[in-house]
Structures are given as structure tokens and as C-alpha cells.
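One structure is given here, and the rest of the page talks about it.
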């Protein structure tokens with residue numbers, strides 16, 4: 001099968017990635033075209049040892065990095081940018097690449113290491129750096145809805161480590177609503193089963209009738225939210241969770257929150 005046929009299914013995703021990495025639709029699309037032209041001229045430039053999707057991103061990034069300095073003027077900064085794109089502009093180049101490959105494109109650490117020709121531990125550090133830089137841009141106050149004290153304290157420590165504040169730790173539906181009335185949060189981290197038998201999902205849905213805020217569910221019962229039968233949360237972490245997963249999900253939720261410091265779109269209906 002020709003290289004063109006192999007990579008054709010990946011082009012829509014690559015165009016999305018290219019627009020984010022370059023900072024504009026015009027520039028991103030131009031770099032994708034340049035990548036395809038380069039492969040047409042020299043098919044041997046395609047890393048055949050990698051799966052087609054990885055290979056395509058590797059070629060694209062190699063070409064982009066070789067031209068980014070001398071084509072910095074092609075970023076078309078007069079094009080309107082949304083909050084996420086403005087946030088991206090403030091992230092250092094390597095951390096930006098790793099963050100987008102991980103958070104947007106869903107590549108594993110090992111796959112990113114192959115794409116960028118760097119050790120896996122360096123990928124992990126670059127992703128952590130992106131998280132720190134994002135937190136500096138979109139630091140907010142977070143409400144934790146969790147009835148297990150030890151888990152709540154662990155989550156609170158992660159939140160504070162990222163540079164965010166905590167408006168409160170709620171153990172019940174009633175406590176969650178009271179906390180929001182006292183101090184509206186910029187993000188909600190919620191379990192779905194609470195101490196008095198009430199529902200964190202119900203609490204979140206009630207909260208979203210009064211404020212617009214991104215939500216991350218942290219639950220041991222993801223199957224109860226991922227049914228395919230009704231609107232589902234955009235951000236979901238499964239218990240037992242890894243600290244890095246929670247950190248990354250918080251950064252993603254805030255980074256892609258359309259308000260970026262003003263009015264947010266809800267992450268769950």
C-alpha cells in the first residue's frame with residue numbers, strides 16, 4: 001500500500017494538531033500540505049518502522065521544527081484565537097508538542113518518545129512542565145466532592161501542588177451546594193457516590209444550573225457514566241487513580257475550558 005493511502009485516514013486529525021501547534025488554521029494547513037509534498041518527493045523519509053499514524057506525526061514535526069524559526073512570521077497573529085490557542089502560545093515549544101500529542105492526540109508516552117526521538121522519562125517531564133505552565137495561566141479555585149477523607153486529602157494535595165486553590169471539600173450533595181453558594185469554584189472534582197447515599201452526579205447537575213464550570217468525575221464506577229445513552233462527562237478519572245492522571249486531567253479541563261478565566265462551558269450535562 002502506498003504511503004498516501006496509509007496516512008490518508010489520519011489527515012483530519014493531523015490538520016487539527018497542525019493548527020494548534022502552529023497557532024493558526026492557515027499556517028497549520030500549509031504545514032500539512034508541505035509534509036505531504038515532502039513525502040511525495042521522498043517516500044523514504046517516512047519511518048516505515050512505525051505505525052502510519054506515528055510516522056506521519058513524526059515527519060510533520062520534523063519538518064515543522066526545521067522551518068519554525070525562519071517562518072515565525074507565517075503565524076498570522078491577526079487571525080482570531082480562542083482561549084485554548086492563546087494558552088498554547090504561552091507554553092514552551094517542547095512541552096507544547098508533548099502536551100498536544102498526549103492530551104489531544106492520545107498517544108502514549110512510548111509513542112511520543114518515538115515521534116520526538118527522546119527518552120520516555122523526558123516525555124514525562126515535558127508533559128509535567130506543560131501542566132505546571134498551564135496551571136500558571138489558568139490557576140483557579142477547585143471544589144472537591146469526595147466522601148473518603150484520605151482520598152479527599154490526596155486530591156487536595158495534588159490540586160495545591162499544581163498551584164490551584166480549594167474552595168472546600170464536600171462529603172454530601174447538601175455540602176456541595178452550600179460550598180458553591182459560599183464560594184463558586186472554577187472547577188469541580190466529584191465522586192458519584194457520597195457519604196449519606198446521595199449522588200455526586202445529581203449534585204453536579206444541580207450546580208450546573210446556577211454556574212457554568214468544567215467538571216471532572218473521579219469514580220470507581222465509570223460504567224455508570226459511560227453508557228452511551230445520555231450526555232456523558234468530558235473528563236473522567238477511574239479509581240484507583242494515578243496522581244499523574246489527575247494532574248493531567250485537571251490541566252486539560254482548564255486548558256480547553258472555553259472561558260479560560262471567564263465564563264466556562266459545562267463539561268457534563
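Miscellaneous remarks
- Likely footprinting exposure, 147, 244, fewest C-beta neighbours within 10 Å first: 244, 147
- Here the spin labels are modelled as points 7 Å beyond Cα on the Cα-Cβ line, and at residue 125 and residue 141 they lie 3.6 nm apart.
- Rounded D (µm²/s) - segment 139-255, Kirkwood Rh over Cα pairs, Stokes-Einstein at 25 °C, 0.890 mPa s: 176 µm²/s
- Inverse of mean 1/r across different Cα pairs in segment 128-190, Kirkwood, Å: 11.9 Å
- Computing FRET efficiency as 1/(1 + (r/R0)^6) for residue 45 and residue 118, where r is the C-beta to C-beta distance and R0 is 22 Å, gives about 0.70.
- Calculated FRET value between residue 37 and residue 245, using beta carbons and R₀ = 30 Å, to 0.05: 0.20
- At full extension, residue 15 and residue 108 could sit 31.5 nm farther apart than now, given 0.36 nm per residue minus the alpha carbon distance.
No value in this document is a laboratory result; all are computed from the given coordinates. Since the structure is predicted, the reported quantities are computational estimates derived from the model, not experimental observations. Cβ atoms come from the backbone with ideal geometry, glycine included; neighbour counts cover every protein chain shown.
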